[in-house]
Amino acid sequence: MSGHSKIAATYLKYRQRLMRAVANIVDDNDVEDIVQDAFVKSYEAELNQEIQYERTYMLRTVRNLALNHVSRAAHKLNDQVDNMDLLSHSNMDASLEKQFESKQRFIHFCQATESLSAEVKRVFLLKKVYDMSQRDIAELLQLSESTVEKHVAKGLMQCAQFLARQQQPQRAEDSQSNLG
């Protein structure tokens with residue numbers, strides 16, 4: 001090989017043409033990088049072997065690099081989409097499970113309030129569901145605040161007992177499934 005590189009001279013002479021060759025394949029932001037990579041790879045190849053048709057060699061190299069770049073980007077995008085699918089499925093499963101548990105708790109709460117006497121139930125729901133103050137409940141139902149307080153306490157206690165009874169069969173089922 002002589003003192004100057006034929007590939008370097010070809011690169012300088014055909015640089016714009018090399019850029020146009022890949023401009024339709026990759027984003028504008030990537031064109032310059034790919035053309036420079038093609039020069040480096042072509043120059044390294046020239047150090048190891050004689051390249052007879054430098055322009056053709058560089059055009060082929062720049063196109064191959066551009067196609068590889070697009071292929072890697074597509075694989076990366078597919079991997080991201082696959083990961084999003086997995087994530088959304090696991091999130092959806094967790095979300096559905098939470099919704100089910102929430103509805104289950106609400107059903108148990110409704111059943112618990114059904115077991116209350118009418119007056120205790122009315123006071124308890126106004127306090128816990130409608131978030132009314134004891135004073136407002138007392139005025140609305142024409143009861144003393146002390147009576148409202150006692151009804152709320154009684155409702156809490158009876159609901160807690162009801163919910164505890166509901167969970168006992170569930171715990172028994174869970175321990176049976178863990179044993180078997």
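The values are calculated or read from the model by the stated rules, or taken from the named source; none is laboratory data. Keep in mind that what you see is a predicted model, and the values were worked out from it rather than measured. Glycine gets a Cβ as well: all are built from the backbone with ideal geometry, and neighbour counts include every protein chain shown.
I'm checking my understanding of the structure. Among residues of region 99-134 that are under 21 Å from Thr147 (Cα atoms) and among the aromatic types (Phe, Trp, Tyr), which one is modelled with the highest pLDDT? Outline the logic, then answer.
The initial filter retains those residues of region 99-134 that are under 21 Å from Thr147 (Cα atoms), namely 112-134.
Filter once more, keeping what is among the aromatic types (Phe, Trp, Tyr): 124, 130.
Values: Phe124: 87, Tyr130: 80.
Selected residue: Phe124.
Checking the structure you have, find out if any residue of region 38-54 is under 23 Å from Ala74 (Cβ atoms) and in contact (Cβ under 8 Å) with a residue 12 or more places away in the chain.
Step one: list which residues in region 38-54 are under 23 Å from Ala74 (Cβ atoms), which gives 38, 41.
Applying the additional criterion that residues be in contact (Cβ under 8 Å) with a residue 12 or more places away in the chain yields 38, 41.
Yes, region 38-54 contains at least one residue that is under 23 Å from Ala74 (Cβ atoms) and in contact (Cβ under 8 Å) with a residue 12 or more places away in the chain.
Return the pairs, sorted by first residue and then second, in which the second residue is in a loop (DSSP other than H, G, I, E, B) and of a type in the set (A, V, I, L, M, F, W, C), the first residue lies in region 107-123 and is assigned by TED's automatic domain parsing to the domain that holds Ala153 and surrounded by 13 or more Cβ atoms within 10 Å (Cβ to Cβ), the beta carbons are less than 8 Å apart, and the residues are 6+ apart or on different chains.
Final answer for the pair search is Val123/Leu143.
Among the listed residues Arg17, Arg60, which satisfies the condition of being surrounded by fewer than 18 Cβ atoms within 10 Å (Cβ to Cβ), more than 42 Å from the chain's Cα centre (by Cα) and closer than 28 Å to Ala74 by Cα? I'd like the intermediate steps shown before the answer.
On the way: Arg60 fails: more than 42 Å from the chain's Cα centre (by Cα).
None of the others qualify; the one that does is Arg17.
Those residues that are more than 44 Å from the chain's Cα centre (by Cα) and loosely packed, with under 13 Cβ neighbours inside 10 Å, I need them from region 131-148; list them, please.
Just the residues of region 131-148 that are more than 44 Å from the chain's Cα centre (by Cα), to begin with: 135-148.
Within region 131-148, Arg135, Gln142, Ser144, Ser146 meet the criteria.
Tell me which residues, restricted to region 110-120, are over 42 Å from the mean Cα position of the chain (by Cα) and among the charged types (D, E, K, R).
Glu119
So which pairs qualify, if the first residue must be in region 22-36 and within 18 Å of Arg60 (Cβ to Cβ), the second must be among the small types (Gly, Ala, Ser) and part of a helix (DSSP H, G or I), the Cβ gap must be under 6 Å, and the two must be at least 6 apart or on different chains?
Val22/Ala66; Ile25/Ala66; Val26/Ala66; Val31/Ala23; Ile34/Ala66
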